[in-house]
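One structure follows; several queries about it will come next.
Just so it is clear, none of the values below were taken in a lab; they were calculated from the coordinates. Just so we're clear, the structure is a prediction, and the values are computed from it rather than from any experiment. All Cβ positions, even for glycine, are placed from backbone atoms using ideal geometry, and neighbour counts span all protein chains on display.
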Amino acid sequence: MATFGARRARCSLVRIGGPMRRVVCREFAPPTALEIEEVPDLQAGAGQVVIDVEAAGVNFVDALFVRGKYQIKPQLPFTPGGEVGGVVSSVGDGVNGFTSGDRVSASCWMGGYARQVAVGPSNTYRLPEGVSFGVGATVMQSYATAVFALTHRSNVTAGEWVLVLGAGGGVGRACVDAARSLGARIIGVGSSEDKRTAAMEAGAEATIDPTTEDVKVRAREISGGGVDVVCDPVGGDLAEPALRAMRVGGRFLVLGFAAGEIPRLPLNQILLSNRAVIGVDWGAWSMQNPDENRTLIEGVFADVGAGKLHPTEPQEVPLENVSDVLSDIENRRVTGKVVLVP
Ligand SMILES: NC(=O)c1ccc[n+]([C@@H]2O[C@H](COP(=O)([O-])OP(=O)(O)OC[C@H]3O[C@@H](n4cnc5c(N)ncnc54)[C@H](OP(=O)(O)O)[C@@H]3O)[C@@H](O)[C@H]2O)c1
């Protein structure tokens, strides 16, 4: 990953006054346009929990929100950041189950890139003993998506071959880890040595470098004829070779388009081998099915606490360096996860 300190001077961050610091996006623009503002400390209103943020997870989707490129555009101005780990500092009327001082993690959609965030208790989770704030701030989007894809949108079983694109990134590495926990055999695709090593450490049996190797040929060779499942959070040019790497009856899980280009897949390749292409939209499902989503995320935290899932500790970066972190994510320079520390 790039060194943030060296490029910090190029950030266009502006201080505005007041004690609670947060990142603010005032216009849809490159991350360099983000500012830091200071506002009064938050106090929990009725039905709210206020969290003193120790770590704010950074996700690819945050960069899309900042540029106004996500399918849903947030209302301006807004503070990005969809997941945090921290300590409850105040609890509003009508909230049961949390008290000041609790170590928690929360899924907040927006507002996480800040020293404090107010969230609903239904999106707040107690951190198991031994699970760090950094891990708490980075497992929800990546692991919930991976587990939802592998167990709700498909049914990956022990011994199946799973080809994971972007296997050194947030969602990709989580797919490797979650598929390994189901007993699957995994091939990770990663464009750098660092990313392929991360995929191997998460449980991949083999890796492919898409910059020098033919993904279809190599995946078929390694799996002995074709993979059962593809997890694709990348899209672009890699999707079609990955589709063609599937055996008869293979399932292709569409997770995202980090490459920017939404691929067009040849339908004959789906018809001829009785393959299936399956959409995975954890975000929408989580809002439509809040109770099931809570069960899923509690399961992720329980498995992390029990050592069945192995998220890595994220790299910690000061809140001021937000634009560098988002630029690095957009330019494929990040392996694993990063958190902003306010
Ligand atoms: N479906 C859902 O419910 C859901 C939930 C969460 C996230 N997502 C989506 O999943 C995608 C990946 O998210 P993430 O958090 O895993 O991102 P990430 O950590 O940045 O990883 C994305 C990976 O994509 C690959 N990539 C290829 N071309 C790229 C490009 N032009 N720019 C950036 N990355 C590129 C990179 O791997 P290589 O360098 O190895 O190619 C990179 O490591 C995003 O599109 C996100 O919106 C979907």
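Give me the number: length gained by fully extending Ala306 to Arg264, i.e. 0.36 nm times residue separation minus the C-alpha to C-alpha distance, one decimal in nm. Numbers along the way, then the final one.
Values: separation 42, 0.36 × 42 = 15.12 nm, distance 4.06 nm.
So the chain would gain 11.1 nm between Ala306 and Arg264.
Quick one: Kirkwood hydrodynamic radius for segment 207-342, alpha-carbon pairs, angstrom, one decimal? Numbers along the way, then the final one.
Values: mean 1/r = 0.0567 Å⁻¹.
Averaging 1/r across every pair of different Cα atoms and inverting gives 17.6 Å.
If you don't mind, there's one more thing I want to ask. For labels at Leu271 and Ala33 in the simple 7 Å Cα→Cβ model, what's the distance in nm?
4.5
Another one. Of Leu265, Leu165, how do they rank once you tally other Cβ atoms within 10 Å and put the fewest first?
In increasing order of surrounding Cβ atoms, one gets Leu265, Leu165.
What GluC sites (Glu not before Pro) does segment 47-131 have in DSSP loop regions with at most 13 other beta carbons within 10 Å? Let's see the in-between values first.
Numbers: sites: Glu54, Glu83, Glu129; in loops: Glu129.
Of the GluC sites (Glu not before Pro), the ones in loops of segment 47-131 whose Cβ has at most 13 other Cβ atoms within 10 Å are Glu129.
Using only Cα atoms, what is the ratio of the radius of gyration of segment 67-162 to 2.2 N^0.38 Å? Don't skip to the answer; put the middle values down first.
Details: Rg = 16.1 Å, N = 96, 2.2 N^0.38 = 12.5 Å.
Output field value: 1.29.
Still on this model: Can you tell me, using C-alpha contacts under 8 Å and at least 6 residues apart, the relative contact order of the chain as a whole percent?
Details: 822 pairs, mean separation 63.6, N = 342.
Contact order relative to length: 19 percent.
Determine the sum of side-chain charges near Ser105: Lys and Arg each +1, Asp and Glu each -1, restricted to other residues whose C-beta is under 12 angstrom from that of Ser105. Walk me through the intermediate numbers first.
Working: positive: Arg103, Arg126; negative: Glu54, Glu83, Asp102, Glu298.
Taking every Cβ under 12 Å from that of Ser105, the sum is -2.
Oh, and also: For segment 167-205 and segment 211-265, write down the distance between their C-alpha centroids in whole Å.
Their Cα centres are 14 Å away from one another.
Given the options Ala44, Ala202, Ala56, state which has the largest fluctuation in a GNM of the chain using a 10 Å cut-off (strictly under) for Cα springs.
Its mean-square fluctuation being the largest, the pick is Ala44.
When Rg is the radius of gyration of the Cα atoms in segment 15-105 and Rh is its Kirkwood radius, what does Rg/Rh come to? Present the calculation step by step, with values, prior to reporting the outcome.
Numbers: Rg = 14.7 Å, Rh = 14.5 Å.
Rounded to two decimals, Rg over Rh is 1.01.
Can you give me the orientation-averaged projected area of the convex hull built on the Cα atoms of segment 147-285, in nm²? Intermediate results must be reported in sequence, preceding the final value.
Working: hull surface 29.3 nm².
Average projection, Cα convex hull of segment 147-285: 7.3 nm².
Pick from Asp209, Asp93, Asp324: which is most flexible by mean-square fluctuation in a GNM of the chain where alpha carbon atoms under 10 Å apart are linked?
Result: Asp93 has the largest fluctuation of those listed.
Count the lysine pairs in the chain whose Cα atoms lie under 23 Å apart, taking only pairs 8 or more positions apart in sequence or on different chains. Could you put the intermediate results ahead of the total?
On the way: Lys69/Lys337; Lys195/Lys216; Lys195/Lys308; Lys195/Lys337; Lys308/Lys337.
Summing the qualifying lysine pairs gives 5.
How charged is the neighbourhood of Gly68? Take every other residue with its Cβ under 13 Å from the Cβ of Gly68, and add Lys/Arg as +1 and Asp/Glu as -1. Please list the in-between numbers first.
Details: positive: Arg26, Arg67, Lys69, Lys73; negative: Glu27, Asp62.
Net charge around Gly68: +2.
So what's segment 34-78 giving for Rg/Rh, alpha carbon basis, Kirkwood Rh from the mean inverse pair distance?
Values: Rg = 13.5 Å, Rh = 13.3 Å.
Dividing the radius of gyration by the Kirkwood radius yields 1.02.
Report the Rg/Rh value for segment 207-248, based on alpha-carbon coordinates and the Kirkwood definition of Rh. Could you put the intermediate results ahead of the total?
Numbers: Rg = 9.5 Å, Rh = 10.3 Å.
So for segment 207-248, dividing Rg by the Kirkwood Rh gives 0.92.
For the chain, modelled as a Gaussian network with Cα springs under 10 Å, which listed residue fluctuates most, Lys69, Lys216, Lys308?
Lys69
Regarding segment 143-224, what's the average projected area of the Cα-atom convex hull, expressed in nm²?
On the way: hull surface 18.8 nm².
One quarter of the hull surface, i.e. the mean projection, equals 4.7 nm².
Also: Can you tell me the alpha carbon radius of gyration of segment 68-119 divided by the globular rule-of-thumb value 2.2 N^0.38 Å?
Values: Rg = 13.0 Å, N = 52, 2.2 N^0.38 = 9.9 Å.
Working it through for segment 68-119, the quotient is 1.32.
In whole angstrom, how long is each semi-axis of the equivalent ellipsoid of the chain, when you take the square root of 5 times every eigenvalue of its Cα gyration tensor and sort them from largest down?
Numbers: eigenvalues 242, 99, 60 Å².
Over the Cα atoms of the chain, the semi-axes work out to 35, 22, 17 Å.
With 10 angstrom as the radius, rank Arg115, Arg332, Arg22 by how many other C-beta atoms surround their C-beta, starting from the fewest. Before the final figure, lay out the partial values.
Values: Arg115 21, Arg332 17, Arg22 25.
Least to most surrounded, the residues fall as Arg332, Arg115, Arg22.
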